[in-house]
Amino acid sequence: MAEPYRSSLSITFSVWRALFLREALTRISGGRGRWFWIVAEPLAHMAFLAFVFAEIRHRVIAGIDPYIWIVVGLSAFFIFRRSAVQSMWAIDDNQAMFVYRQVRPVDTVFVRAALDGFLNLLIGLVALGILVMLHHDVVPEQPLLVFSGVFGIWLLGLGFGLIASVPIVLVQETSVFLNFLMLPLYLASGVIFPVAMIPHPYAQWLAYNPLVHALETIRLGFSSSYHVIQGLDMSYVYLWALVSIFFGLVLQLRFAERVVAQ
């Protein structure tokens, strides 16, 4: 009997589903301790900074509850960071999967970015749930702004992963620089300080960072009284995301055979 016809799109979705389950099971097989630290590390990070800002330094940050400001900002940045860092190692970690002709290097990057974005979104929801139990109002005033910011920041992480995953396989020394890059991004994205309170012209310099616009938009979505930076523009975030994804896809196509052969 002839095999039923399957479209390329159907095969792609089947590959993504299989890779997603494999990645998830790999995380589980690391033991309960591994899952615990995946959740506990970002929550502990949020709890410490929230205590410092809310109980020691400020009662209000730029017109918003400091607990909401810290938790929302860190949760969003972790979505970017984990999606970017984990997906940039996707090709190198999945070399054994490329013996199957249906699996392409770019598939592993997409799947890993999706898994880590989803996991960190859940962690952020857990953190907000804890704030609800502490009697904080965590219902966003403008949910569409929150969704726009979260999706935009995940796309930036995906674009970073698509670009970085190629040089890491071809020249592994680049991993040192790419991992180090996360620290200045953390400090320059307004994660732990309000960008709107930074004096001119330094705030305008930081506004060239698309992560700043995404984080500010998410916080504004939670509280309309939040003092945002001048020139807040989510289209700037999506332009950066689309350009980085396009450039990443070009790299994936250009070096597909070389990264598989490594």
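Taken together, the values in this text are just the output of simple stated rules run on the coordinates, not laboratory data. Quick caveat: nothing in here was measured; it's all calculated off a predicted structure. With ideal geometry, Cβ positions are generated from the backbone for all residues, glycine too; neighbour counts draw on all protein chains shown.
Listed by first and then second residue, the pairs with beta-carbon distance under 6 Å, at least 6 apart or on different chains, first residue in the stretch 182-202 and free of Cβ contacts under 8 Å to residues at least 40 places away in the same chain, second polar (S, T, N, Q), are 188/209.
The criterion of at least 2 residues that are surrounded by 20 or more Cβ atoms within 10 Å (Cβ to Cβ) and not aromatic (Phe, Trp, Tyr) is met, among helices (runs of 4 or more DSSP H) falling completely within the stretch 194-262, by 210-222, 234-254. If you go through the stretch 198-234 and keep only what is polar (S, T, N, Q) and under 21 Å from residue 141 (Cβ atoms), you end up with 217, 223, 224, 225, 230.
Being surrounded by 16 or more Cβ atoms within 10 Å (Cβ to Cβ) and over 30 Å from residue 228 (Cβ atoms): is that true of residue 171 here? No; evaluated as a whole, the condition is false for this residue. Under the condition of being farther than 16 Å from residue 193 by Cβ, in contact (Cβ under 8 Å) with a residue 60 or more places away in the chain and assigned to a helix (DSSP H, G or I), the residues counted in the stretch 68-106 number 18. For residue 146, indicate whether it is in contact with a Pro (Cβ under 6 Å, 6 or more places away or on another chain) and either assigned to a helix (DSSP H, G or I) or buried (at least 17 other Cβ atoms within 10 Å of the Cβ) (or both). Taking the combined requirement at face value, the residue satisfies it. Condition (residue is more than 17 Å from the chain's Cα centre (by Cα) and surrounded by 18 or more Cβ atoms within 10 Å (Cβ to Cβ)) applied to the stretch 174-187: is it met by at least one residue? Among the residues of the stretch 174-187, not one is more than 17 Å from the chain's Cα centre (by Cα) and surrounded by 18 or more Cβ atoms within 10 Å (Cβ to Cβ), which makes the answer no.
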